[in-house]
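Visitor: Just dropping this structure here.
Please treat every number below as a calculation from the coordinates, not as lab data. Keep in mind the model is a prediction, meaning the values are calculated, not measured. Neighbour counts run over all protein chains shown; Cβ positions are idealised from the backbone, glycine included.
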Amino acid sequence: MQSLTSTYHLSNGVTIPIVGFGTWQMEDGPTTVHAVHTAIETGYRHIDTAAAYQNEGSVGKAIRESGLARSDVFLTTKLQNRDHGYQATHDAFKRSLQALGVSYLDLYLIHWPNPIAFRDRWQTVNAETWRAFEELYEAGLVRSIGVSNFRPHHLETLSQSARIIPMVNQIRLCPGDVDLKTVDYSRAQNIQLEAYSPLGTGLVFDVPDLQSVAQKKNRTVAQIALRWSLQKGFLPLPKSTTPARIVENADVFDFDLTQEEINQIDNLTDCCDQALDPDKTNF
C-alpha cells in the first residue's frame, strides 16, 4: 500500500514523494513553522515553497527543528519572476539556500514562464535562466530541476536551447481544471506533473459531484480530490495550516476510486475556476 513516503521516479532517477505539503499563501512566521512541523510529524517528507511566497525562512526553520536528517526531506523552492536571467538566477538561488538554511535543494523550479517584466523577450530570458539551472544541477547544488505553469509552447521553446529536459512541471490541477494539452505534452516528454491547488483553493468543497462521491465513500471531499489526483498519476501539493486538515489530507492511501468515479470527476467543468494564463498575467 502506498503512503506519504512512497515515491515517483523522475527522469534522472531521483525519487520524489508522491504527495507534497504546499505552503503557498502562508505568511512567514510561527503559523508556517507550526504547519510544517505538523506536516512532518504527520509523515510528510516533501515540502514545497517558493521565493515569491516569502516564507522560505520559516520553512527552513521547521525542517531544521524537526530533527530529521536533511536527506530525509525532499525540499522544493522556485525562482521568482523578477530574478529571471543567467546571473540573476545564480544570485537568487544563493539567497534561497541562505533563507532556507540548507546547502542544496532537491528540486528548483522556474515559477512562471512569461513574467511581465520580460514579456517582449521571454524566450531568450528563459533560455538564459535554464542555462543557470543546468549549471546548478551539474554542480550538485540541486538534485532535480523543473518548471511551473509552463504550457506546451513554453516547453517547446525551452527545448530548443536546453541540454537537460525539465524533470517536473508544476501546474494547477484539480477537479474541473485539467489542461489536457499540457498534461499530455508533459507526459510525452517524461516530465512529472505536480498539482498545485489540488483542492481548487477550497472550491472543491462546494461541488455536488464530489460531495456525492465523498458521501458514498465515507470520506471527505478533500480526500476524494486528492485520491483522484494520485490515481491520475499527478503529485498533489495540498496546503493547510489547520492540524486536523493536515492529517486528514494525508489519509488517502487506504481506498481507491472506481473508474466510474474517476470518469465522473474527469467530466467536471467550470466548478473550481481555471488556471491563470501565464502569457497574460500582470506579474
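Visitor: Could you please state, rounded to a whole Å, how far the C-alpha centre of region 229-246 is from the C-alpha centre of region 90-118?
Guide: About 23 Å separates the Cα centre of region 229-246 from the one of region 90-118.
Visitor: Please give me the summed charge of the neighbours of Arg151: other residues whose Cβ is under 12 Å from its Cβ, Lys and Arg +1, Asp and Glu -1.
Guide: Working: positive: Arg172, Lys181, Lys280; negative: Glu156, Asp179, Asp184, Asp277, Asp279.
Summing Lys/Arg as +1 and Asp/Glu as -1 gives -2.
Visitor: Placing unit charges on C-beta atoms (Lys and Arg positive, Asp and Glu negative, everything else neutral), compute the dipole magnitude of region 139-253 about its Cα centre in debye, rounded to 20.
Guide: 200 debye
Visitor: Moving on to the next point. Provide the per-residue ³J(HN,Hα) series for region 160-168, in order, calculated from phi with Karplus coefficients 6.51, -1.76, 1.60 and θ = phi - 60°, each as a whole number of Hz, with x at glycine and proline positions.
Guide: Rounded to whole hertz, the list is 6, 10, 6, 8, 10, 6, x, 8, 9.
Visitor: Right, next: Each residue of region 228-237 in turn: what ³J(HN,Hα) in whole Hz from Karplus with 6.51, -1.76, 1.60 and θ = phi - 60°, glycine and Pro shown as x?
Guide: 4, 4, 5, 6, 7, x, 7, 10, x, 10
Visitor: With viscosity set to 0.692 mPa s at 37 °C, what whole-number translational diffusion coefficient in µm²/s follows for region 76-132 from Stokes-Einstein and a Kirkwood radius over Cα pairs?
Guide: Here the translational diffusion coefficient equals 286 µm²/s.
Visitor: Over the alpha-carbon set of region 128-223, divide Rg by the Kirkwood Rh and report the Rg/Rh ratio to two decimals.
Guide: My calculation of the ratio gives 1.12.
Visitor: Turning to a different aspect of this structure: Placing +1 on the Cβ of each Lys and Arg and -1 on the Cβ of each Asp and Glu in the chain, which of Val33, Ile110, Ala139 has its Cα farthest towards the positive end of the resulting dipole?
Guide: It is Ala139, whose Cα lies furthest towards the positive end.
Visitor: Taking the Cα centre as origin and putting +1 on Lys and Arg beta-carbons and -1 on Asp and Glu beta-carbons, what dipole magnitude results for the chain, to the nearest 20 debye?
Guide: In total the dipole reaches around 460 debye.
Visitor: Then there is this: Counting only Cα, what are the radius of gyration and maximum Cα-Cα distance Dmax of region 135-283, in Å?
Guide: Cα-based Rg and Dmax for region 135-283 come out at 16.6, 51 Å.
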